[in-house]
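All remarks here apply to the structure that follows.
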Amino acid sequence: MALEKYREKRNFSKTPEPKGSVPVTKAPAKGRTPRFFCVQKHLASHLHYDLRLEHNGVLLSWAVPKGPSLDSTVKRLAMHVEDHPVEYGTFEGVIPEGYGAGIVMLWDVGTWRPEIDDVDAALKKGDLKFQLDGYKLKGSWALVQTRGSRDPSGRSWLLIKHRDDWSGPVDVTAEFSKSVKNDGADFEDILAADAPDVWTANRPAKGGATGAMLAEIIQKAAALKAGKKPKRRSR
């Protein structure tokens, strides 16, 4: 079952994440037609970005610890994780406990188009070239699987921006850090709309820079809950 690993890792009586419908078995998709993609900014034990590409009824997923870079000379580590249901592509909210506990922001959304005709063959080869057309990420990209003894599981890939009109030195994760779903919301807005009290005893990050970031977000969320209007910034 395509979503077996996804469902095994989650308790859907506690998490608001979608369980998802099982994709209908069909012949592998061919051609270069546009398909859905999203990037979710996820503050869990560490801050990272989840790139998800729709293919054959699921979202192929890679966790990118430092987020995507528009600099064509920068290669960002992208760890291949379990497929997610297509319904996950619009998810934004708080995962209260268990696997992935933290705050999820819908950071970018749009369509992707393969630059090759056979996506499955490209994935098997470990070299997928594609175009993105999102709010923040556009142009030509590649996912390239790393080789060698350091990662015998084959989960380690690199996310690379090709040089084109959409590449450059802009730090896209810093310059455009807000949600594309909820009127430019930040993590504190998402947390304040949920139940920030659950974080007093069940924080996914307790130390280091990530713990300090979460503590600040909790403070801001509490202020928003107390009646202060959230500040909206550009996407």
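The values are calculated or read from the model by the stated rules, or taken from the named source; none is laboratory data. Everything numeric in this text was worked out from a predicted model, so none of it was measured. A quick note on method: Cβ atoms are made from the backbone with ideal geometry, for glycine too, and the neighbour counts reach across all protein chains shown.
Which pairs have Cβ atoms under 7 Å, sit 6 or more apart or on different chains, and link a residue in segment 164-181 that is at positive phi to one that is part of a loop (DSSP other than H, G, I, E, B)?
Qualifying pairs under 7 Å: Gly168/Leu70.
Taking strands (runs of 3 or more DSSP E) that fall entirely within segment 124-197, which contain at least 2 residues that are under 24 Å from Thr210 (Cα atoms)? Give the steps one after another, and end with the answer.
Details: elements: 127-134, 138-145, 156-161.
Ranges flagged: 156-161.
Filter segment 69-106 for residues that are surrounded by fewer than 19 Cβ atoms within 10 Å (Cβ to Cβ) and polar (S, T, N, Q) and give the result.
Ser72, Thr73, Thr90 - these are the residues of segment 69-106 that are surrounded by fewer than 19 Cβ atoms within 10 Å (Cβ to Cβ) and polar (S, T, N, Q).
All but one of (1) closer than 22 Å to Ser177 by Cβ; (2) at pLDDT 95 or above hold for Leu59; state the number of the condition that does not hold.
Going through (1) closer than 22 Å to Ser177 by Cβ; (2) at pLDDT 95 or above one by one, Leu59 breaks only (1).
Do the conditions hold for Arg203, that is, is it at pLDDT below 85 and within 26 Å of Val172 (Cα to Cα)? Show your work before the answer.
Values: at pLDDT below 85: yes; within 26 Å of Val172 (Cα to Cα): no.
The answer is no for Arg203.
Any residue at all in segment 166-178 that is of a type in the set (S, T, N, Q), surrounded by 14 or more Cβ atoms within 10 Å (Cβ to Cβ) and either closer than 30 Å to Lys225 by Cβ or out of contact with any Leu (no Cβ under 7 Å at 6 or more places or on another chain) (or both)? Let's see the steps before the verdict.
Applying the first criterion (of a type in the set (S, T, N, Q)) to segment 166-178 yields 167, 173, 177.
Applying the additional criterion that residues be surrounded by 14 or more Cβ atoms within 10 Å (Cβ to Cβ) yields 167, 173, 177.
Adding the requirement that they be either closer than 30 Å to Lys225 by Cβ or out of contact with any Leu (no Cβ under 7 Å at 6 or more places or on another chain) (or both) leaves 173, 177.
Scanning segment 166-178, I find at least one residue that is of a type in the set (S, T, N, Q), surrounded by 14 or more Cβ atoms within 10 Å (Cβ to Cβ) and either closer than 30 Å to Lys225 by Cβ or out of contact with any Leu (no Cβ under 7 Å at 6 or more places or on another chain) (or both), so the answer is yes.
Name the residues in segment 61-78 that are within 13 Å of Arg155 (Cβ to Cβ) and of a type in the set (Ser, Thr, Tyr), would you?
Ser61
Residue check, Arg7 against (1) within 23 Å of Ala122 (Cβ to Cβ); (2) of a type in the set (D, E, K, R); (3) outside any strand (DSSP E or B); (4) without any contact (Cβ under 8 Å) to a residue 40 or more places away in the chain, all met but one. Which one?
Of everything listed in (1) within 23 Å of Ala122 (Cβ to Cβ); (2) of a type in the set (D, E, K, R); (3) outside any strand (DSSP E or B); (4) without any contact (Cβ under 8 Å) to a residue 40 or more places away in the chain, Arg7 misses just condition (1).
If I go through segment 87-122 residue by residue, how many of them are over 21 Å from Lys136 (Cβ atoms) and out of contact with any Pro (no Cβ under 6 Å at 6 or more places or on another chain)?
Selection size over segment 87-122: 13.
Looking at segment 64-101, which of its residues are among the charged types (D, E, K, R) and under 25 Å from Thr146 (Cα atoms)?
Residues of segment 64-101 among the charged types (D, E, K, R): 66, 71, 75-76, 82-83, 87, 92, 97.
The answer is Lys66, Asp71, Lys75, Arg76, Glu82, Asp83.
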